[in-house]
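No lab work stands behind these numbers, since they all come straight from the coordinates. Note that the coordinates shown come from a computational prediction; the quantities given were computed from them, not determined experimentally. Neighbour counts are summed over all protein chains in view; Cβ atoms, including those assigned to glycine, are modelled from backbone coordinates with ideal geometry.
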Amino acid sequence: MDYGLSAHSSFGKRADGKAGASSGADTQVTWEDQQNINKFGRLNNRFHDLDEEIKAAKESLESYEDASNELILTDEEIVRFQIGEVFAHVPKEEVETRIEQMNEVTSKKLAKLEEEKESVVAQMAELKKILYGKFKDSINLEED
């Protein structure tokens, strides 16, 4: 993502194509402004990473639910359980316990990810207020 000022000098082409002072671009970019822009970019990247991690965690939870349902339907006392690349024959009760543990760990992870995502969104909103307040239309913080 490219976050920055679309126009940052006070002299350039106007919207009508003529040279001259451009409106809204007279604001100088300070070191602090650049730090805020950079922070917004990092937060946006983290936001997208969190979206992917949340999606993966939800898919894992669905898989655990499906596996748990399959265990309920089976009459076998020993079932095949995938560990890495290998299937092992494991007692049904142990598999149920392992699935419950994996489900619990993934649920906690999902809750933490969603909490972090909320924090990132709040920080991004605050930075948008600051940056749009100063630069108005000269900056674009929206995704294309």
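A few notes on this one:
- Subtracting the Cα-Cα distance of GLU76 and GLU94 from 0.36 nm times their residue separation leaves 5.2 nm of extension gain.
- Environment charge at ILE54 (Cβ cut-off 15 Å; Lys +1, Arg +1, Asp -1, Glu -1): -3
- Put a plus charge on the Cβ of each Lys and Arg, a minus charge on the Cβ of each Asp and Glu, and nothing anywhere else: the dipole of the range 55-144 about its Cα centre is then about 780 debye.
- FRET efficiency estimate (nearest 0.05) - Cβ-Cβ, HIS48 to THR27, R0 25 angstrom: 0.30
- Gyration tensor (alpha-carbon) shape descriptor, the range 36-92, a/c threshold 1.5: prolate
- Sites LYS109 and PHE87, calculated FRET efficiency, Cβ-Cβ separation with R0 25 Å, nearest 0.05: 0.50
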